[in-house]
Amino acid sequence: MEFLSTAKLPFSFLLLCIATSSLNQVFAAEVCKFPAIFNFGASSSDTGNFDASLFEIKSPYGETYFHRPAGRGSDGRLVIDFLAQSLGLPYLSAYLNSLEANFTHGANFAEAAATILPPPTVLPVHVGGFSPFYLDIQTSHFQRFIPRTQFIRQQGGVFASLMPKNEYFGKALYTFDIGQNDISVGVTANQTVEQINASIPNIIKGLSKNIKNIYNLGGRSFWIHNTGPYGCLPRTLTDFPSIEKDAWGCAKSYNELSQNFNHKLKEAIVQLRKELPLAAITYVDVYSVKYSLISDAKKYRFEKPLVACCGYGGDYNFGSVPCGGTVTENGTDIFVGSCEKPSTRVNWDGIHYTEAANKVIFDQISSGAFSDPPFPLNNACLRND
Ligand SMILES: *[C@@H]1O[C@H](CO)[C@@H](O)[C@H](O)[C@H]1NC(C)=O
Ligand SMILES: *[C@@H]1O[C@H](CO)[C@@H](O)[C@H](O)[C@H]1NC(C)=O
Ligand SMILES: *[C@@H]1O[C@H](CO)[C@@H](O)[C@H](O)[C@H]1NC(C)=O
Ligand SMILES: *[C@@H]1O[C@H](CO)[C@@H](O)[C@H](O)[C@H]1NC(C)=O
């Protein structure tokens, strides 16, 4: 684990930290020692909930790092895995994975196909359904998690050592990456971009409500990802083949939708900072980093950034049979497997990013260069006022 030395910090930063230390926050030199992470979201940060509770995530998912399917929607690690690792914490156990969970340093409530608002239809995903574990349910799981884990700790026995300490809830980092599936709800219902756009304020309200609920349960440090460029997903580009494209080949109107979502999210966070006086809330512009993987693909040594690595058919290697499935062509069964070198690719399966892309995303966002306030990850417990 790396610590910033006081000598390297700019003066204005030190002044800020002296000011915030009076707000009962840690002093700058100690930075923030997060003893746990509690994560909420969808497939971009699900480390096993969907796989344990709904449908198996099959090979070749997980092949790059875990060398087996590991409950993640990628060939390897997710941004949340790199985040945990960089804080010196173990990978987060999925809350719904009753068979191999260890919650000493946090828990993951994120579920693939989850929305912020209650979904209009639940599962199966391949016919346009969403997860029943939308954000309100994830928050209520967390609400129950606190007293239940503390009861188990007090009882002793084999499970006691797998539970977090009570003091961790106030010191933990609360991470969020959710909202893209709320846009998909509109797309699945054949809504126009304008109709989906009009639903965004309500979606953001749902997210704000849940952040307030977690604050009221004791959460103080929040790290909130905005949504990625919807118009650059191979799935979107396959669904709307004749849509207007930007210079890099992404669907313009769908990216505008994501940008409007992010604009509204940023406004909502400004409001939340006023309402939640003890909260340090970091807005993280993941959109810009994900977009740069496409616009600056060469710089990162990525190729074919709009083409899925694992898929089958069409211009974007994305068709009706998903990654890990079997397609029958000319009477022959063909396994829908991965591309030759996933490490050179941005998109894994038409919707999710590769481990290589996730690593770049984490490295970029952890520096603070894409954050508001612009603090690195290990200062995310500090308020900017
Ligand atoms: C649970 O995780 C903690 C922290 O990584 C570790 O020290 C402990 O040994 C783990 N418990 C079990 C039973 O694996
Ligand atoms: C959306 O349009 C497609 C293609 O026209 C159609 O198959 C599908 O049933 C429509 N979905 C809804 C929810 O109306
Ligand atoms: C979306 O709505 C916002 C207002 O909330 C408006 O400024 C923007 O132009 C709209 N974008 C699209 C693509 O309709
Ligand atoms: C299936 O047959 C078509 C027409 O002969 C051919 O173009 C295509 O490449 C074949 N597909 C495979 C996977 O062999």
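The values are calculated or read from the model by the stated rules, or taken from the named source; none is laboratory data. Predicted model only: the values in this text are computed from it and were never measured. Don't worry about glycine lacking a Cβ; one is built from the backbone with ideal geometry, like all the others, and counts go over all protein chains shown. We work out accessible area using only protein heavy atoms, side chains counted, and drop any ligands, DNA or RNA first. Shrake-Rupley method; radii C 1.70, N 1.55, O 1.52, S 1.80 Å.
Quick rundown of the values:
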read-out	value
Whole-percent pair-distance distribution, where bins are 5 Å wide, for the alpha carbons of the range 75-182	2, 11, 19, 21, 19, 14, 8, 4, 1, 0
Solvent exposure of the range 168-245 as accessible area per residue, Å², 1.4 Å probe	36 Å²
Alpha-carbon centroid distance for the pair the range 51-76 / the range 92-132, whole angstrom	14 Å
Among 354, 121, 175: highest mean-square fluctuation, GNM of the chain, C-alpha pairs under 10 Å	121
Base-10 log of normalised Debye intensity for the range 312-359 (one unit scatterer per alpha-carbon) at q = 0.14, 0.15, 0.22, 0.32 Å⁻¹	-0.37, -0.41, -0.79, -1.24
Bins of 10 Å from zero: percent of alpha-carbon pairs in the range 33-76	30, 45, 21, 3
Charge-dipole axis of the range 116-233 as Lys and Arg at +1 and Asp and Glu at -1 on Cβ define it, positive-most pick from 196, 157, 142	157
Calculated over the range 181-337: convex hull of Cα atoms, volume per residue (Å³)	150 Å³
Taking N as its residue count, the alpha carbon Rg of the chain over 2.2 N^0.38 Å	0.97
Most mobile of 258, 45, 59 in a GNM of the chain (Cα contacts under 10 Å)	59
Distance in nm between pseudo-label sites at residue 328 and residue 340 (7 Å out along the Cβ direction from Cα)	3.1 nm
Rounded to whole Hz, the Karplus (6.51, -1.76, 1.60) HN-Hα couplings of the range 256-263, x for glycine and proline	4, 4, 4, 5, 5, 4, 5, 4
Over the range 263-385: Rg over Rh, Cα atoms, Kirkwood Rh	1.15
Candidates per GluC sites (Glu not before Pro) in the range 310-385, loop by DSSP, up to 10 other Cβ within 10 Å	340
Computed [θ] at 222 nm, deg cm²/dmol, the chain (DSSP H ≥ 4; -39,500 (n - 2.57); rounded to nearest 500)	-11000 deg cm²/dmol
Amide H contacts under 5 Å for residue 175, placed H, 5+ residues apart	38, 39, 40, 223
Portion, in percent, of the accessible area of the chain that falls on carbon or sulfur, probe 1.4 Å	53 percent
Rounded Å value of the spacing that divides the Cα centres of the range 355-378 and the range 135-178	26 Å
The range 21-158 - charge dipole about Cα centre, Lys and Arg +1 at Cβ, Asp and Glu -1, debye rounded to 20	300 debye
The chain - charge dipole about Cα centre, Lys and Arg +1 at Cβ, Asp and Glu -1, debye rounded to 20	1040 debye
Volume per residue of the C-alpha convex hull in the range 346-385, rounded to whole Å³	75 Å³
Where Rh is the Kirkwood radius over Cα pairs, Rg/Rh for the range 95-243	1.04
Between helix 193-216 and the chain: long-axis angle, C-alpha atoms, 0 to 90°, nearest 10	30 degrees
Residue with peak Gaussian network fluctuation, the chain [Cα springs, cutoff 10 Å], from 222, 40, 335	335
Selection from 65, 82, 54, by position along the positive dipole direction of the range 22-111 (Cβ)	82
Pairs of alpha carbons in the range 115-178 whose separation is greater than 13 Å (percent)	71 percent
Cβ-based net charge around residue 174, under 14 Å, with every Lys or Arg adding one and every Asp or Glu removing one	+2
Model label zone, residue 198; criterion: amide N under 19 Å from point 7 Å along Cα-to-beta-carbon; scope the range 213-253	253
Antiparallel DSSP beta bridges within the chain, percent to nearest 5	30 percent
Simple Cβ-charge dipole of the range 272-361, Lys/Arg +1 and Asp/Glu -1, about Cα centre, in debye nearest 20	520 debye
By average C-beta atoms within 10 angstrom, highest first, the peptides 130-136, 320-326	130-136, 320-326
